[in-house]
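The values are calculated or read from the model by the stated rules, or taken from the named source; none is laboratory data. Note that this is a predicted model, so its numbers are computed, not measured. When we count neighbours, we look across all protein chains shown, and the Cβ atoms used for this are built from the backbone with ideal geometry, even at glycine.
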Amino acid sequence: MYQPISRVVLLILTSIALACQPVAENKKTTDTEMKFTDHHTFARPEEAVITHLEWDAVIDFDHHLIKATAAYNISRATGAAAIVLDVNNLAITSVTDGRDNPLSFTVGEEQPFLGSPLTIALEDTTSQIKITYTTHPEAAALQWLSPKQTAAETMPFLFTQSQAILCRSWLPVQDSPGIRFTYRARVQVPPGMLALMSAENPQIKNADGEYHFAMDQPIPAYLMALAAGDIGYKQVGPRTGVYAEPTVLKAAAYEFAEMEEMVIAAEKLYGPYPWEVYDLIVLPPSFPFGGMENPRLTFATPTILAGDRSLTSLVAHELAHSWSGNLVTNANWDDFWLNEGFTVYFEQRIMEAVYGRDYAEMLAVLSMQDLQATIADLTAKGQAADTHLKLNLQGRDPDDGMNDIAYNKGYFFLRLLEEKTGRELFDAFLKKYFRENAFKSMTTERFIAYLNEHLFAAHNLPVPEDLYQQWIYGPGLPDSHPVPVSDRFDKVDAVVKAWAGGTPIGQLISQEDLLTKKWSSHEWLHFIRHLPQNMTAGQMQALDDYLRFTYSGNSEILAAWMVHVIRHEYKPGYANLENFLVSAGRRKFLVPLYGEMVKTEAGKQMARRIYAKARPNYHFVATNTLDEMLGWQENETS
Ligand SMILES: [Zn+2]
């Protein structure tokens with residue numbers, strides 16, 4: 001059973017052993033730094049910790065199962081009698097040591113969203129543990145797609161989403177961002193399929209469907225990833241390439257042709273790219289996130305295939321995670337902003353380097369809009385504590401902390417530090433931060449200490465204690481926030497104002513402007529977001545006739561427009577709203593759209609009707625959020 005208090009006691013008892021055998025950190029770490037705190041794992045790494053995995057797996061598409069053996073090398077404190085791993089819904093067949101001698105084990109009581117502890121008794125000489133197991137057909141991290149749910153409709157498809165704590169549903173593991181391990185894998189898939197992992201990957205299919213993988217740099221469990229299906233590969237640069245279903249490959253390679261340029265820009269900012277290769281796989285539409293920064297192989301939604309490279313800031317974001325998150329990792333999910341706030345900041349800097357300041361500032365303005373909306377929403381719900389950068393997610397699903405606060409409040413805080421100290425000093429500091437903390441985990445408190453020493457004290461600058469209190473430990477958006485300015489958006493605002501005042505849209509935006517794509521996706525997004533909140537059906541129709549938002553192939557534009565479709569009960573948009581919700585599984589789009597529908601009784605009925613149809617296409621990460629919003633019961637048919 002999960003008991004944080006016993007962990008503190010244990011820490012005191014084992015602190016002497018740890019002094020000679022540090023397992024999580026190296027060098028002269030103090031007690032506060034050493035303390036392992038993660039509410040969301042049963043692991044007790046102070047006693048025994050995994051260091052390397054050999055994974056041998058057979059993927060069974062007929063029964064939606066993975067049958068596998070996970071063999072770990074472990075490091076243990078003197079006298080440690082057991083190692084504890086996390087499991088969620090796994091059927092454990094046997095546990096042995098490295099020589100196939102059985103080890104006794106227990107699977108503890110299941111806890112909501114945490115799963116169960118797998119406690120394995122260690123013999124005096126045990127240095128390896130080998131677990132044979134089968135996943136459950138409903139494993140939370142695994143999305144099994146039928147051929148119909150893929151682009152070519154010929155083969156089934158499987159992908160994983162391990163963040164935050166779902167890895168334990170497909171691999172028995174110490175599932176904490178504060179625990180890292182290297183891995184090798186052998187994966188058997190049906191012939192005709194390609195399998196990929198967050199590792200050194202194959203580029204072509206082989207005849208027998210057996211693939212081998214190596215990840216020699218230590219990563220935490222949430223970055224474990226697997227995808228399998230009818231997948232092809234196309235190189236786009238010396239270190240960069242794209243994987244996708246064959247029918248999508250050409251469009252994907254075009255869309256992401258600038259990846260190499262982004263890697264070069266990122267390296268100029270914060271040091272050499274540390275993972276050798278940067279590839280991206282475009283997944284089928286049910287992928288619940290925009291992207292997931294699995295090392296060496298970003299997983300991405302097809303909703304960023306806009307045809308004009310206008311939504312590739314997502315690539316900059318996932319690429320930035322190669323430093324912030326994958327290299328220097330939040331120690332637990334309360335410190336999630338250290339992953340995401342840094343990554344949004346870094347993403348902005350890459351976009352500025354590649355596309356210019358005025359382009360990047362549009363993104364910053366959109367970030368501010370998202371942030372203000374999220375703060376207003378959380379504050380109205382009485383969850384002001386969730387608007388602090390440093391969270392307390394004890395007893396809660398870590399998914400609760402995965403919102404705009406970590407991303408955008410984190411971003412603006414770092415931007416504020418940059419504005420206060422100057423870009424030159426701040427860049428030098430960040431470069432050093434990534435270099436000196438590579439392959440380590442970081443807590444908010446250790447980051448503040450590092451910041452004080454290496455940025456402020458090192459340059460005789462006063463420590464901004466008040467800013468830490470406001471931004472990290474305080475609610476809402478502090479008055480000290482940076483104000484992004486975008487001339488390009490100011491021009492958009494002028495158009496919205498004139499249109500709302502009665503000028504026909506055709507007089508404000510010419511046919512030529514539309515044909516030459518004078519406005520980027522971001523300008524259109526800003527335009528739609530700032531349309532009046534009380535438009536008439538005639539006004540909606542006039543806009544739609546001219547600008548064709550209802551039929552947009554750009555998912556960002558479509559999703560923003562559909563909020564108005566719902567709010568204004570614009571019936572000509574309903575059919576495409578339903579199509580979009582049934583085909584796209586990206587939570588970022590689903591939540592605001594369903595959220596808008598449930599505001600009225602009629603909308604709620606529409607939402608539940610569409611959801612019944614769409615739910616089988618969504619990943620657990622999305623249904624987990626939406627079931628609650630729609631009051632959906634598990635036994636309802638979908
Ligand atoms: Zn991210």
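Out of (1) without any contact (Cβ under 8 Å) to a residue 60 or more places away in the chain; (2) of a type outside the set (K, R); (3) closer than 21 Å to Q149 by Cα, the odd one out for E596 is which?
(3)
Pick from T247, T301: which is within 16 Å of the ligand (Cβ to nearest atom), β-branched (V, I, T) and closer than 21 Å to F580 by Cβ?
After applying the criteria, what remains is T301.
Any residue at all in the stretch 212-219 that's outside any strand (DSSP E or B) and surrounded by 22 or more Cβ atoms within 10 Å (Cβ to Cβ)?
Checked the stretch 212-219: no residue is outside any strand (DSSP E or B) and surrounded by 22 or more Cβ atoms within 10 Å (Cβ to Cβ).
For the condition in contact with an Asp or Glu (Cβ under 9 Å, 6 or more places away or on another chain), surrounded by fewer than 17 Cβ atoms within 10 Å (Cβ to Cβ) and of a type in the set (A, V, I, L, M), what is the one hit in V492, V485, V463?
V485
Considering I204, I231, which residue is aliphatic (A, V, I, L, M), in contact (Cβ under 8 Å) with a residue 12 or more places away in the chain and exposed (fewer than 15 other Cβ atoms within 10 Å of the Cβ)?
Criteria check complete, one pass: I204.
Looking at the stretch 276-298, which of its residues are away from the ligand (no atom under 13 Å from the Cβ), hydrophobic (A, V, I, L, M, F, W, C) and touching a residue at least 60 places away in the same chain (Cβ under 8 Å)?
If the condition is that a residue be away from the ligand (no atom under 13 Å from the Cβ), hydrophobic (A, V, I, L, M, F, W, C) and touching a residue at least 60 places away in the same chain (Cβ under 8 Å), then V277, I281, L283, F287, L297 are the ones that fit.
Can you list residue pairs whose Cβ atoms sit under 8 Å apart, with the first residue in the stretch 374-388 being in the same structural domain as D400 (by TED's automatic domain parsing) and without any contact (Cβ under 8 Å) to a residue 60 or more places away in the chain and the second being crowded, with 19+ Cβ neighbours inside 10 Å and among the hydroxyl-bearing types (S, T, Y)? Count only pairs 6 or more apart in sequence or on different chains.
Every condition considered, the pairs that remain are T374/T387; L378/T387.
Can you confirm whether the stretch 338-348 contains a residue that is more than 12 Å from the ligand (Cβ to nearest atom) and modelled with pLDDT of 95 or more?
yes
Under 7 Å between Cβ atoms, which residue pairs at least 6 apart in sequence (or on different chains) link something in the stretch 614-638 that is under 19 Å from P284 (Cβ atoms) with a partner that is outside any helix (DSSP H, G or I) and polar (S, T, N, Q)?
R615/S638; P616/S638; N617/S286; Y618/S286; H619/Q143; H619/Q161; H619/S286; V621/Q161
Search the stretch 166-183 for residues that are in contact (Cβ under 8 Å) with a residue 40 or more places away in the chain and surrounded by 24 or more Cβ atoms within 10 Å (Cβ to Cβ) and pair each with any residue that is assigned to a strand (DSSP E or B) and acidic (D, E) when their beta-carbon atoms are under 6 Å apart and the residues are at least 6 apart or on different chains.
Correct list of pairs: R168/D86; D175/D86.
Is it true that some residue in the stretch 619-634 is buried (at least 18 other Cβ atoms within 10 Å of the Cβ), of a type in the set (D, E, K, R) and within 24 Å of D370 (Cα to Cα)?
So far as the stretch 619-634 goes, yes, one or more of its residues are buried (at least 18 other Cβ atoms within 10 Å of the Cβ), of a type in the set (D, E, K, R) and within 24 Å of D370 (Cα to Cα).
Scan R184, R168, R180 and give me the residue that is touching a Gly at 6+ places or on another chain (Cβ under 8 Å), at pLDDT 95 or above and among the basic types (K, R).
The match here is R168.
I'm checking my understanding of the structure. Among residues of the stretch 310-364 that are part of a helix (DSSP H, G or I) and of a type in the set (G, A, S), which one is farthest from D399 (Cα to Cα)?
So, considering only residues that are part of a helix (DSSP H, G or I) and of a type in the set (G, A, S), the one farthest from D399 (Cα to Cα) is A353.
Of the numbered conditions (1) touching a residue at least 24 places away in the same chain (Cβ under 8 Å); (2) of a type in the set (A, V, I, L, M, F, W, C); (3) crowded, with 20+ Cβ neighbours inside 10 Å, A360 fails exactly one; give the number of that condition.
(1)
On the basis of being touching a strand residue (DSSP E or B) at 6+ places or on another chain (Cβ under 9 Å) and within 23 Å of M629 (Cβ to Cβ), does G585 make the cut?
Spelling it out, G585 is indeed touching a strand residue (DSSP E or B) at 6+ places or on another chain (Cβ under 9 Å) and within 23 Å of M629 (Cβ to Cβ).
Per-residue answers, yes or no, for (1) under 23 Å from A140 (Cα atoms); (2) out of contact with any strand residue (DSSP E or B) (no Cβ under 8 Å at 6 or more places or on another chain); (3) surrounded by 15 or more Cβ atoms within 10 Å (Cβ to Cβ); (4) not aliphatic (A, V, I, L, M):
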| position | (1), (2), (3), (4) |
| --- | --- |
| R76 | no, no, yes, yes |
| I83 | no, no, yes, no |
| V87 | yes, no, yes, no |
| T93 | yes, no, no, yes |
| N101 | no, yes, no, yes |
| P112 | yes, yes, no, yes |
| P117 | yes, no, yes, yes |
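Let me confirm something: among E352, E293, E340, which residue is surrounded by fewer than 22 Cβ atoms within 10 Å (Cβ to Cβ) and among the charged types (D, E, K, R)?
E352
Take Y273 and tell me if it is among the hydroxyl-bearing types (S, T, Y) and more than 20 Å from the chain's Cα centre (by Cα).
So Y273 fails the test.
If you scan the stretch 304-337, which residues turn out to be more than 16 Å from the ligand (Cβ to nearest atom), among the small types (G, A, S) and touching a Gly at 6+ places or on another chain (Cβ under 9 Å)?
Once the filter is applied, which keeps residues that are more than 16 Å from the ligand (Cβ to nearest atom), among the small types (G, A, S) and touching a Gly at 6+ places or on another chain (Cβ under 9 Å), the stretch 304-337 yields A306, G307, A331.
Which of the following residues is surrounded by fewer than 18 Cβ atoms within 10 Å (Cβ to Cβ), away from the ligand (no atom under 16 Å from the Cβ), farther than 18 Å from P484 by Cα and of a type in the set (K, R): K381, K390, K420?
The match here is K381.
Which of the following residues is in contact (Cβ under 8 Å) with a residue 60 or more places away in the chain and closer than 26 Å to T503 by Cα: R567, R529?
R529
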